[in-house]
Amino acid sequence: MKRLNLIGFSLLLAVNLAMAQAPKQVYYPEKDTAVLNNLHRWHENKFGLLMHWGIYSEWGVVESWSICSEDEPWEVRRDSNYTDYKEKYDNLIKTFDPVKFDPEKWANAAKYAGMRYVVFTTKHHDGFCMFNTKTTNFRVTSPECPFHTNPRANIAKSIFSTFRKDGFMIGAYFSKADWHCPYYWWPNFATPDRNPNYNIKLHPNRWHNFVKYTRTQINELMSNYGRIDILWLDAGWVRVKSQLTIDEEKLAAKYPVFPQSQDIDMPRIVKQARKRQPWLIVVDRDVTGPYQDYLTPENTVPKNALPYPWETCMPMGTSWSYKPHDHYKSVSKLIHLLVGIVSKGGNFLLNIGPNSQGDWSPTAYKRLKGVGDWMKVNGQAIYDTHPVWPYKQGKVCLTQLDDGTTFAIFLADKGEDTPPSRIWMDNICPAKGAKVTLLGYGDTPLKWKRVGDGFETDVPKEFRKHPPCEHAWVLRISNVAGHSRTMDVKY
Ligand code: GLC
């Protein structure tokens, strides 16, 4: 018998710790009611699917970054000559033909897994548009692209309408940087890094054209694709740099590689977008200010609950884009991530990269099936919940519904196939007369008793012998004594 959750914290200490360890972030609370309602709905949905898909998937290389000349380990090229490489990369439009593209298959798998929203890369940094746009020929519907004759050639539209039919909230990933657009990377110059390769102050018209180009594309997405719930803007370096030092100013005046203010006119973008989509959640990633309705810790789970809406985005494999023979996280890992994130008040946006044929690796389907099997039994401990102190004790994570129903989610170790014979916790106790049950074990109440400030309960033999699921088991407590939500984030 293992004693769980030995360490007790005082309420005050826990909250202080949470605040102290949270990344220094300023959150600008949203004020618009329609947006707030949608943000609330997004938060209740907890689990979403992200997909990075584009011409880079044909080679199975990193999304876009291989055409960026920064000397970073993730920007490796298959060709040592940059100019040749870039030309071949741009020519991938001529071979992009994902004939197995079947968004119903994806929506079914994602729905089974319990995902309730989708975010899709309408355009990544390389500028290739996975939607129909009037602004450029570098798009999936261009006559140059073999897929343009396919009835589903407007890939973003097909994905959005299919998932929407299945009740998903719809998110458009859109990169503010565009490495194909001549107004961002001017063909006159070499491209030293991810930024515009010309001096914006010396060439304001060129930048102005880029701002217009971006706005037009976003307007297209907001006008012709039905209801969009989230505009997920990437490339956080495209932002106003309001306080350059004097030295930086001098350098910036001369060399474009030095920090420049990249004012994309967010107020106008958002105003126009919300004219068409008044409920639109805007996520201007990494840009502190009023256009970041939620924050997006990337590939990481914060140590504690955070006092603002947030979402961890993370690939199921090791790469955002499709990578042949990639190593995918196990079902157990994925469930534990979901539980860990939700117990701290976050959402989990899990990425799968489709391949050049327009399908996922068979492993991705298997993983989603495994997660879905667990969610069928335990989903009520995930959706609509808020975090409750102490969030996690040992192997047990907590979540709570607004009516006080509290879930204690016991995370099984690797190889731990049998639920423990007894579960106890130190700092949380069912209220007098409260009912404690196990999810997947009907309505049978368990006997429990108070021990100090906590409680203990024995896990029935039949449940242990035939657990309804693997990877984590959940106690449902109808009401807990003296505890309410400790981090009251209003959104
Ligand atoms: C990283 C990658 C970018 C990707 C994003 C997804 O920022 O550089 O390519 O789209 O993560 O969160």
Every residue from region 152-170 that is in contact with a helix residue (DSSP H, G or I) (Cβ under 9 Å, 6 or more places away or on another chain), under 18 Å from residue 53 (Cβ atoms) and not in a helix (DSSP H, G or I):
152, 153, 168, 170
Kindly provide the set of residues from region 28-55 that are within 21 Å of residue 170 (Cα to Cα), away from the ligand (no atom under 12 Å from the Cβ) and surrounded by 18 or more Cβ atoms within 10 Å (Cβ to Cβ), ordered by number.
30, 35, 38, 39, 42, 43, 45, 46, 47, 48, 49
Would you mind telling me which numbered condition in (1) more than 16 Å from the ligand (Cβ to nearest atom); (2) modelled with pLDDT under 95; (3) under 23 Å from the mean Cα position of the chain (by Cα); (4) open to solvent by 10 Å² or more (accessible area, probe 1.4 Å) residue 244 fails?
(3)
Given 201, 241, which one is assigned to a loop (DSSP other than H, G, I, E, B) and touching a residue at least 40 places away in the same chain (Cβ under 8 Å)?
201
Using beta carbons and a limit of 7 Å, which pairs, at least six apart or on different chains, have the first residue in region 120-138 and among the charged types (D, E, K, R) and the second one within 16 Å of the ligand (Cβ to nearest atom) and not in a loop (DSSP other than H, G, I, E, B)?
123/129; 123/174; 123/175; 126/56; 126/67
Across region 457-491, what is the number of residues that are at pLDDT 95 or above, among the charged types (D, E, K, R) and within 34 Å of the chain's Cα centre (by Cα)?
2
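One line per residue, one yes/no per condition, for (1) open to solvent by less than 10 Å² (accessible area, probe 1.4 Å); (2) within 27 Å of residue 43 (Cβ to Cβ):
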{"site": "371", "(1), (2)": "yes, yes"}
{"site": "392", "(1), (2)": "no, yes"}
{"site": "421", "(1), (2)": "no, no"}
{"site": "430", "(1), (2)": "yes, yes"}
Exclusive hit being within 16 Å of the ligand (Cβ to nearest atom) and either among the basic types (Lys, Arg) or not in a helix (DSSP H, G or I) (or both), set 133, 122
122
What number of residues within region 320-347 are within 13 Å of the ligand (Cβ to nearest atom) and open to solvent by less than 20 Å² (accessible area, probe 1.4 Å)?
1
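Let's see how each residue does on (1) more than 16 Å from the ligand (Cβ to nearest atom); (2) closer than 14 Å to residue 93 by Cα; (3) open to solvent by 30 Å² or more (accessible area, probe 1.4 Å); (4) touching a Pro at 6+ places or on another chain (Cβ under 8 Å):
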{"site": "114", "(1), (2), (3), (4)": "yes, no, no, no"}
{"site": "149", "(1), (2), (3), (4)": "yes, yes, yes, no"}
{"site": "158", "(1), (2), (3), (4)": "yes, no, no, yes"}
{"site": "168", "(1), (2), (3), (4)": "yes, no, no, no"}
In this structure, does residue 339 turn out to be in the same structural domain as residue 147 (by TED's automatic domain parsing) and more than 30 Å from residue 147 (Cβ to Cβ)?
no
Can you name the condition, by its number, that residue 296 falls short on among (1) at pLDDT below 95; (2) within 16 Å of the ligand (Cβ to nearest atom); (3) polar (S, T, N, Q)?
(1)
Taking region 67-94 only, how many residues are closer than 18 Å to residue 319 by Cβ and in contact (Cβ under 8 Å) with a residue 60 or more places away in the chain?
3
Hey, can you tell me all the residues within region 56-77 that are in contact with a Cys (Cβ under 9 Å, 6 or more places away or on another chain) and either more than 12 Å from the ligand (Cβ to nearest atom) or on the phi > 0 side of the Ramachandran plot (or both)?
none
Out of all the residues in region 434-464, which are free of Cβ contacts under 8 Å to residues at least 24 places away in the same chain, outside any strand (DSSP E or B) and open to solvent by 50 Å² or more (accessible area, probe 1.4 Å)?
442, 443, 444, 445, 447, 461, 462
Scanning region 307-318 for residues that are open to solvent by 10 Å² or more (accessible area, probe 1.4 Å) and in contact with a helix residue (DSSP H, G or I) (Cβ under 9 Å, 6 or more places away or on another chain), the one farthest from residue 393 (Cα to Cα) turns out to be 314
With respect to the numbered conditions (1) over 23 Å from residue 381 (Cα atoms); (2) over 18 Å from the mean Cα position of the chain (by Cα), which one is the sole condition not fulfilled by residue 366?
(1)
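The values are calculated or read from the model by the stated rules, or taken from the named source; none is laboratory data. All values reported here derive from a predicted model rather than from experimental measurement. Cβ coordinates were reconstructed from backbone atoms using ideal geometry, including for glycine residues, and neighbour counts include every protein chain displayed. For accessibility, only protein heavy atoms count, side chains too; no ligands or nucleic acids. Shrake-Rupley method; radii C 1.70, N 1.55, O 1.52, S 1.80 Å.
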